[in-house]
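Chemist: Would you mind keeping the following structure in view while I ask a few things?
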Amino acid sequence: MSNTMQETKTADEQAIRAEFDALLQEYLQSNHRRKVERITKAFNLADQAHAGAKRRSGEPYIIHPLAVARIVCGEMGLGSTSICAALLHDVVEDTEYTVEDMKNMFGAKIAQIVDGLTKIAGGIFGEQASAQAENFRKLLLTMSDDIRVILIKIADRLHNMRTLGSMPPAKQYKIAGETLYIYAPLAHRLGLFTIKTELEDLSFKYEHPEEYKSISEKLKATEEQRNRLFALFRAPIDEKLKAKGLDYEMKARVKSVYSIWNKMEAKNVSFEDIYDIYAVRVIFDPQPGLDEKNQCWDIYSVITDIYGIRPDRLRDWVSRPKANGYQALHLTVMGPTGEWVEIQIRSRRMDDIAEKGFAAHWKYKESAVEEDTELDKWLQTITEILENPDPNALDFLDTIKLNLFSSEIFVFTPKGDMKTLPHRATALDFAYALHTDIGNHCIGAKVNHRLVPLSHPLKSGDQVEILNSRSQEPLPEWLNFVTTARAHARIDAVLKKARKEATKAGEEKVVAAFRKAELETSTSNLDKLAMYFGFPRREEFYYAVEKEEIALPDNIKKLIREKSSNVLFKYVKQAFGGGNRNEKKNKGKKQAKADEGEKPKFDKSKPYTLREESFVRNYVIAECCKPIPGDDALGFINDDGNVVVHKRSCPIAMRLKSSFGERILNTQWSSHESSTFDATLSVKGIDSVGVLNDISKTISEYNVNIQRLSIEANGGMFEGKIKMKVHDVEDLQRMCVTLSRIKNIKSVGRVAD
C-alpha cells in the first residue's frame, strides 16, 4: 500500500472515530439509560459491513449512518434503540446481513425498525424513484408498527439534504421538491419544528439559489439593526422579570429564509415590507410548587403592563396544546419604536417539546408511557386510508398531504363533545369526523343554531349539529367541500362504487344491443365501438351509455363494418354536439403513432438547453405557470417524449418531482431574441390624476406588446394588471424598476395571469 493510500485510510479512520465519540458524548449527556455497550456493538457491525464503501462526496459511507444517529440522539432526543437502528439502517439493504441476523444480534425491536426502514428505502434516491408516492405509502404503513421508523427516516432525509451539494442538479431538484412536498410537512405534523425549518430552507436553497442568497444577505445586513431594537425592547421586561426572581432566558428568533420568501410571494411584497422578521421567545424554568400555565400568564401580565397588546393576535396553546403536542402562549405587542413584535412564552419543558416534538416525551421512552395521544388518532386515520384498495399514486399523495395539517380548530357537538379538525375544515368534514354514515347522508348543518350549507367553513368554538336524510348520497362536487383525508377517502369510496355499478349496467345495455344486432360481443368489436365514440377505454364508454351521454345507434352492425370517416363523424357529432371527441380521438391516434417511433434520449449529466430555431422550440411551455427565459425552470419529459418546462416553484412541478423524479431535467435558457412570451404585472398605488397615462407612457418606451390593461380604483387606491408579450425576465425587471419610480405607485410585481 502506498504512503498516500495509507494516509487517506488513517485520516478516514480518525474521522470515523471522532464522529462516533461525538455520538457517545451526546448520548451520555441525555437522560436515557446508559447502554453504551449496545450502541458500540451496533457501530462496530455497521463499520465492518460498510468497510470500503464511499459516498458520492468521497467520505467513508459509515459517516452517513453515524450522522443520522447523531440527529436521532442530539436533535430528536431518542434513546439507544433508535440510535442502534439508525446506525444499522442501511446494513440490510446494502450488505449481506439479513433482518434475521439483526434480530439474533440486537433483539426483535431493533430488527423490526431496521426492517421497516429497509422496506421503504428502495428507489428513494435510485433511478426507480418514479414510484415515490408508493414508497411514501409503504413509509406510512410502517408508522403504525413503530413511530421511530418515520423519525429515523426524517433524520436520514435531513442528513441527505445537508450533503445534497455532491448530487447533480437534476437530482437536487427532485430530492428538494420531494422533501418540501412530503418530509417537511410530516416533520411539522410530528412537532419537529427545528428540523422542519431546516428541511424547508435546504430545499429552497437548491431550488432557488439566487433568492436564497439574496434574502440571506439581507438578513445579515440588517442583523445589527435588529440586535439594537431587541436590546431596547427587552430592557424594561428584564427589569420586571428579574424583580420577580424568575429563572429565564429571552432571545430573538429570526424567521427562516424560506418562510420570509413564502410571505413575500404570498403577499407580493418586498423583503423590506416584511415586518415580523423576528419574534421574541421567553423560556422559563418553573418555580417549585407553581403551575406552568399560571407562570406563563404571569409573564404575559408583566409584558402587557409595559407594551400595548394586539388582541386579535393572542394564541393560547398552553390551555389547549396543538395536535402535534406544541404548547406556548403567543402574543403580539407594539414595541418602543412603533413596530409589532411577536412574543412566545414557554416553560423549558414546552420548549423541549416544541424543538424536538413527540420524541421529547414519546411513549417509547422508558420513564413514561402516554396512551391515546392525538398522534395515535392521526395514525389510525392514516391506517384507514391505507386500507383503501389501490389508490392512484398522486391522488393518494395529495390525500395524505391534506392530513398533515399544521393548524387546528376545536369544534363542539350539540352535547358538548369536542372534535379537533384542521384549519378551514367544513361542516361536511365535521359530519364525516362523527361517523361515515352521518357524512354520507348529510344534507346540511346548523352552526351555532343557524342553518348553513355543507361547504360552510368552521371556526374554533363553533357548535355544530348535522342534518341528515336517508335518501341523500355523496355527490362528486362534495370532494370540493372537504379538507380532511378521512372525508375525502369516504366520499371517493362511495363514488367509485356508484361508478362501478353504472359501468356494469352500461355494459349490459351494450351487450344487449350487440345480441339484438346478431353481432359477436368480442373484445375487438367492443373496443371498435368504444373507439368510434372517442373512448380509449371500454369502461368509460359503458359509463357514458348508462348516463345517457351517448345514444347507441339502431344499426350497430353497419357502424362496426363502415370504414368511412363521414359516418364516424356523424355519430360523434350526434353524441357530443361538436368535434371535440373527434379531435380527442385524432390526438390519440397521433399519440399512438408517436409511441411507435423511437422516443428521444436525454443526457441528464448536463443541462438541457431550451432553444428556438426558425420559430420552432425544442420544448413546451407549461400552461400552469408559464415560465419565460430567465425564470428558474426545470424540464419534465412527458409521455410523448416532449420536454415540458415549468417554473421550479410551480406546485404542479413539485408533484412531478415527488412522483416522477427520473423524468426531471436540469434546464438552461438559450437567447430568445426573436421570441415573445406572455407575462402579467400587478401595479398598486394611490389613485391620482394622470397615473394611468404615466403607466402607459412608461410601458410604451419598452419594446413590448401590451395585450390587456385593466385598472380599478377604490377608496383612494388603485390596482391594475398589465398583460404583455416580453422577451425574458430582464424585460420585466427593467419595467418593474421604472414603473416603481412613478409617483404614487407603491408596488409593482409579476403575478400569474
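The values are calculated or read from the model by the stated rules, or taken from the named source; none is laboratory data. Source: prediction; values computed, not measured. Cβ: placed from backbone, ideal geometry, glycine included. Neighbour counts: every protein chain shown.
Chemist: Which residue out of A69, A11, A18, A51 is surrounded by 15 or more Cβ atoms within 10 Å (Cβ to Cβ), among the small types (G, A, S) and either assigned to a helix (DSSP H, G or I) or at pLDDT below 90 (or both)? Please lay out each step first, then the result.
Modeler: Details: A11 fails: surrounded by 15 or more Cβ atoms within 10 Å (Cβ to Cβ); A18 fails: surrounded by 15 or more Cβ atoms within 10 Å (Cβ to Cβ); A51 fails: surrounded by 15 or more Cβ atoms within 10 Å (Cβ to Cβ).
The unique qualifying residue is A69.
Chemist: So S605 passes all but one of these: (1) at pLDDT 65 or above; (2) in the same structural domain as D527 (by TED's automatic domain parsing); (3) exposed (fewer than 14 other Cβ atoms within 10 Å of the Cβ). Which condition number does it fail?
Modeler: Tallying (1) at pLDDT 65 or above; (2) in the same structural domain as D527 (by TED's automatic domain parsing); (3) exposed (fewer than 14 other Cβ atoms within 10 Å of the Cβ), S605 fails exactly one: (2).
Chemist: With E673, E730 as the choices, which residue is under 30 Å from D603 (Cβ atoms) and in a loop (DSSP other than H, G, I, E, B)?
Modeler: Of E673, E730, the one residue that is under 30 Å from D603 (Cβ atoms) and in a loop (DSSP other than H, G, I, E, B) is E673.
Chemist: Scan the stretch 285-302 for residues that are touching a residue at least 24 places away in the same chain (Cβ under 8 Å), in a helix (DSSP H, G or I) and out of contact with any helix residue (DSSP H, G or I) (no Cβ under 6 Å at 6 or more places or on another chain) and jot them down. Please lay out each step first, then the result.
Modeler: To start, the set of residues in the stretch 285-302 that are touching a residue at least 24 places away in the same chain (Cβ under 8 Å) comprises 285-287, 292-293, 295-300, 302.
Restricting the remaining residues to those that are in a helix (DSSP H, G or I) gives 292-293, 295-300, 302.
Answer for the stretch 285-302, where residues must be touching a residue at least 24 places away in the same chain (Cβ under 8 Å), in a helix (DSSP H, G or I) and out of contact with any helix residue (DSSP H, G or I) (no Cβ under 6 Å at 6 or more places or on another chain): E292, K293, Q295, C296, W297, D298, I299, Y300.
Chemist: Another question, then. Name every residue in the stretch 23-38 that is free of Cβ contacts under 8 Å to residues at least 12 places away in the same chain and either of a type outside the set (S, T, N, Q) or surrounded by 15 or more Cβ atoms within 10 Å (Cβ to Cβ) (or both), in order of residue number. Give the steps one after another, and end with the answer.
Modeler: In the first step, residues of the stretch 23-38 are kept if they are free of Cβ contacts under 8 Å to residues at least 12 places away in the same chain; the result is 25, 28-29, 34, 37.
Residues satisfying the conditions are L28, R34, E37.
Chemist: Please enumerate the residues belonging to the stretch 726-747 that are over 21 Å from E210 (Cβ atoms) and of a type in the set (A, V, I, L, M).
Modeler: Matches in the stretch 726-747: L739, I742, I745.
Chemist: Take the residues of the stretch 417-451 that are part of a strand (DSSP E or B) and of a type in the set (A, V, I, L, M): which is farthest from P321 (Cα to Cα)?
Modeler: Start the filter on the stretch 417-451 by keeping residues that are part of a strand (DSSP E or B), which leaves 418-422, 426, 442-447, 450-451.
Filter once more, so that each one left must be of a type in the set (A, V, I, L, M): 418, 421, 443, 445, 447, 451.
Details: M418: 14, L421: 13, I443: 33, A445: 28, V447: 24, L451: 30 Å.
In this case the residue turns out to be I443.
Chemist: While we're here: Please verify whether S565 is on the phi < 0 side of the Ramachandran plot, at pLDDT below 80 and either touching a Lys or Arg at 6+ places or on another chain (Cβ under 7 Å) or surrounded by fewer than 14 Cβ atoms within 10 Å (Cβ to Cβ) (or both), treating the condition exactly as stated. Walk me through how you get there before you give the answer.
Modeler: Details: on the phi < 0 side of the Ramachandran plot: yes; at pLDDT below 80: yes; either touching a Lys or Arg at 6+ places or on another chain (Cβ under 7 Å) or surrounded by fewer than 14 Cβ atoms within 10 Å (Cβ to Cβ) (or both): yes.
So S565 fits the description; yes.
Chemist: Okay, next question. Considering only residues of the stretch 474-527 that are in a loop (DSSP other than H, G, I, E, B) and surrounded by 15 or more Cβ atoms within 10 Å (Cβ to Cβ), which is farthest from the chain's Cα centre (by Cα)?
Modeler: Applying the filter and picking the extreme gives A517.
Chemist: Another question about this same structure. Can you confirm whether L454 is assigned to a helix (DSSP H, G or I), under 19 Å from D492 (Cα atoms) and in contact with a Gly (Cβ under 9 Å, 6 or more places away or on another chain)?
Modeler: On the way: assigned to a helix (DSSP H, G or I): no; under 19 Å from D492 (Cα atoms): yes; in contact with a Gly (Cβ under 9 Å, 6 or more places away or on another chain): yes.
Taking the combined requirement at face value, the residue does not satisfy it.
Chemist: Quick check, is E719 among the charged types (D, E, K, R), in contact (Cβ under 8 Å) with a residue 24 or more places away in the chain, assigned to a strand (DSSP E or B) and over 27 Å from V620 (Cβ atoms)?
Modeler: Details: among the charged types (D, E, K, R): yes; in contact (Cβ under 8 Å) with a residue 24 or more places away in the chain: yes; assigned to a strand (DSSP E or B): yes; over 27 Å from V620 (Cβ atoms): yes.
Criteria met by E719.
Chemist: Say whether the condition of being modelled with pLDDT under 90 and at positive phi is met by at least one residue in the stretch 79-102.
Modeler: no
Chemist: Name every residue in the stretch 262-286 that is exposed (fewer than 15 other Cβ atoms within 10 Å of the Cβ) and under 22 Å from I353 (Cβ atoms), in order of residue number.
Modeler: The one that is exposed (fewer than 15 other Cβ atoms within 10 Å of the Cβ) and under 22 Å from I353 (Cβ atoms): D285.
Chemist: Return a yes/no flag: does the stretch 43-56 have any residue that is assigned by TED's automatic domain parsing to the domain that holds M161 and within 23 Å of L199 (Cα to Cα). Outline the logic, then answer.
Modeler: Of the residues in the stretch 43-56, the ones assigned by TED's automatic domain parsing to the domain that holds M161 are 43-56.
In the following step, the residues that additionally are within 23 Å of L199 (Cα to Cα) were identified as 55-56.
Looking for residues that are assigned by TED's automatic domain parsing to the domain that holds M161 and within 23 Å of L199 (Cα to Cα), one finds at least one in the stretch 43-56, hence yes.
Chemist: Out of the residues in the stretch 303-321 that are in a helix (DSSP H, G or I) and free of Cβ contacts under 8 Å to residues at least 60 places away in the same chain, which is farthest from A235 (Cα to Cα)? Steps first, answer last, please.
Modeler: Looking only at the stretch 303-321, we keep the residues that are in a helix (DSSP H, G or I), and these are 303-306, 311-313.
Narrowing the set further to residues that are free of Cβ contacts under 8 Å to residues at least 60 places away in the same chain leaves 304, 311-313.
Details: T304: 14, P311: 23, D312: 26, R313: 23 Å.
Once the filter is applied, the top-ranked residue is D312.
Chemist: I'd like the full set of residues that are of a type in the set (F, W, Y) and in contact with a Ser or Thr (Cβ under 8 Å, 6 or more places away or on another chain), limited to the stretch 272-312.
Modeler: First pass over the stretch 272-312, keeping only residues of a type in the set (F, W, Y): 275, 278, 284, 297, 300, 307.
Result: F284, single match.
Chemist: Of everything in the stretch 235-249, what is crowded, with 17+ Cβ neighbours inside 10 Å and either assigned by TED's automatic domain parsing to the domain that holds I195 or not hydroxyl-bearing (S, T, Y) (or both)? Give them in sequence order. Please lay out each step first, then the result.
Modeler: Of the stretch 235-249, the ones crowded, with 17+ Cβ neighbours inside 10 Å are 237, 241, 246, 248.
Those that are crowded, with 17+ Cβ neighbours inside 10 Å and either assigned by TED's automatic domain parsing to the domain that holds I195 or not hydroxyl-bearing (S, T, Y) (or both): I237, L241, L246.
Chemist: Would you check if there is a residue in the stretch 710-720 being at pLDDT 85 or above and within 23 Å of P629 (Cα to Cα)?
Modeler: No, the stretch 710-720 has no match at all.
Chemist: Sticking with this one: Identify, by number, the condition in (1) out of contact with any Ser or Thr (no Cβ under 9 Å at 6 or more places or on another chain); (2) at pLDDT below 80 that E508 doesn't meet.
Modeler: Status for E508: all satisfied but (2).
Chemist: Determine which single condition V282 fails, assuming it passes every other condition in (1) touching a strand residue (DSSP E or B) at 6+ places or on another chain (Cβ under 7 Å); (2) outside any strand (DSSP E or B).
Modeler: V282 satisfies every listed condition except (2).
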